[in-house]
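Everything on this sheet refers to the single structure shown next.
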Amino acid sequence: MYNTKAYSAASATSPLAATTIPRREPTDRDVQIEILFCGICHSDLHAVRNEWSSIMPTTYPIVPGHEIVGRATKVGSAVIKFKPGDLAAVGCLVDSDGTCPNCKAGLEQFCANLTLTFNSPDKHLGGVTYGGYSASMVVDEGFVLRVPSNLALAGAAPLLCAGITTYSPMRHWRVTTGKKVGVVGLGGLGHMAVKFAHALGAHVVVFTTSPSKKEDALRLGADEVVVSRHTGEMRKHVGSFDFILDAVSAEHDINPYINLLGRDGNLTLVGAPAKPLGVSAFALIMARRNLSGSNIGGIAETQEMLDFCGAHNITADVEVIPIQKVNEAYDRLLKSEVKYRFSIDMASLKSA
Ligand code: NAP
Ligand code: ZN
């Protein structure tokens, strides 16, 4: 075991603050990583404030962070994909049972025995896993991803959650040229969804509550932007979408979006507000519409997404911050003020 610097919260109402956490010595199969950048996902905030207490209660202290890029500093003797000095990335998963039908299908994100990067039982050290708001971590090689060398690292970090979470459902529901695709909520996930839908050739419409994001949405690849409280603008799109991705972090009415779907259209929720959302049966019934959800993506698909980003030069639009600004960043995240992902420069932790 060794100690490393980190930022943790002691309770649902405490700010994040500097601390020291233990990490295991790398086993034969492990990669030890010096963390260079870690994105701030809204899930970090939900977990730190225990907003998902009924589904995934938070164990304190919590060290959040699951959008991690860094460099391998040490590798175990059985590791074949990485050597010291290589770029290495970690997303939301650090382990799974490897034997269940989901794991066998490459869908580790649905494994009943998965280990999340933070706030999951830690099989090695006991207690819970600690995430990427830290200087160093140790992860089984099978859950470490390769980062294309042409991508800027601060903007590559958010691909590990915001990227895969939006890429995976679009691939699953076959977003491609000729499809009309909506993206609801232009935050960290939403802005990646726009980039992917555009790169996949779809006609992309962004739905936002923030009129000030209109120009950005077009620059990011949207063909049209609708300010969602303008009911007249919404009405123009009724019955016309093949696919809509809802990436909203807070409670909101999803029925107006279901009504925008065409026959057999699909609305996929990736946003995870704490409270249940109401669904109008009629909105679904009248056009055989589908409502579904999606959870990050498996390891193989995450690598596919990173390689796709390498080939298309896609990264997140980031505001790089030192770790000392993380609490301020959370407040701005709640106000939908982030353009469009905070990425923490972990070098700042050295002076914490
Ligand atoms: P984010 O950056 O805060 O973006 C959320 C966006 O939702 C905001 O930018 C805003 O966009 C919109 N929004 C916020 N409050 C709203 C309200 N009251 N009504 C309508 N729209 C509102 O968050 P994120 O990191 O992208 O995460 C989004 C959600 O996805 C979170 O709940 C997170 O936990 C979840 N998530 C799920 C997965 C998964 O695997 N399914 C993975 C990662 C994250 P506009 O300003 O454009 O309206
Ligand atoms: Zn996330």
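Odds and ends about this structure:
- The condition of being closer than 14 Å to LYS179 by Cα and in contact (Cβ under 8 Å) with a residue 12 or more places away in the chain holds for only one of LEU200, LEU277, that being LEU200.
Rundown of residues vs (1) on the phi < 0 side of the Ramachandran plot; (2) outside any loop (DSSP other than H, G, I, E, B), yes/no style:
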{"site": "VAL204", "(1), (2)": "yes, yes"}
{"site": "PHE207", "(1), (2)": "yes, yes"}
{"site": "SER212", "(1), (2)": "yes, yes"}
{"site": "ARG219", "(1), (2)": "yes, yes"}
{"site": "GLY232", "(1), (2)": "yes, yes"}
{"site": "ALA250", "(1), (2)": "yes, no"}
{"site": "ASP264", "(1), (2)": "no, yes"}
{"site": "LEU267", "(1), (2)": "yes, yes"}
{"site": "ARG288", "(1), (2)": "no, no"}
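- Within the range 24-74, the set of residues being away from ligand 1 (no atom under 15 Å from the Cβ) and touching a Phe, Trp or Tyr at 6+ places or on another chain (Cβ under 6 Å) comprises VAL31, VAL63, VAL69, ALA72.
- Residue, farthest from LYS325 (Cα to Cα), within the range 21-54, restricted to residues that are more than 15 Å from ligand 2 (Cβ to nearest atom) and under 19 Å from the mean Cα position of the chain (by Cα): ASN50
A quick yes/no check of all residues on (1) touching a Lys or Arg at 6+ places or on another chain (Cβ under 6 Å); (2) of a type in the set (Asp, Glu):
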{"site": "HIS198", "(1), (2)": "no, no"}
{"site": "ARG229", "(1), (2)": "no, no"}
{"site": "ALA247", "(1), (2)": "no, no"}
{"site": "GLU251", "(1), (2)": "yes, yes"}
{"site": "GLY265", "(1), (2)": "yes, no"}
{"site": "VAL279", "(1), (2)": "no, no"}
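- When the range 278-318 is filtered for residues that are touching an Asp or Glu at 6+ places or on another chain (Cβ under 8 Å), among the hydrophobic types (A, V, I, L, M, F, W, C) and within 21 Å of ALA162 (Cβ to Cβ), only ILE299 remains.
- Just one of the listed residues (ALA154, ALA197) is out of contact with any helix residue (DSSP H, G or I) (no Cβ under 9 Å at 6 or more places or on another chain), in a helix (DSSP H, G or I) and more than 14 Å from ligand 2 (Cβ to nearest atom), namely ALA154.
- Only a single criterion out of (1) touching a residue at least 40 places away in the same chain (Cβ under 8 Å); (2) within 14 Å of ligand 1 (Cβ to nearest atom) is not satisfied by SER240, namely (2).
- Inspection of the range 206-213 identifies no residue that is of a type outside the set (Phe, Trp, Tyr), buried (at least 18 other Cβ atoms within 10 Å of the Cβ) and more than 9 Å from ligand 1 (Cβ to nearest atom).
- Breaking point among (1) touching a residue at least 24 places away in the same chain (Cβ under 8 Å); (2) of a type outside the set (Ser, Thr, Tyr); (3) away from ligand 2 (no atom under 16 Å from the Cβ), for PRO57: (1)
Taken together, the values in this text are just the output of simple stated rules run on the coordinates, not laboratory data. It should be emphasised that the depicted structure is a prediction, and the values quoted were computed from it without experimental measurement. Every residue, glycine among them, receives a Cβ derived from its backbone with ideal geometry; neighbour counts consider all protein chains shown.
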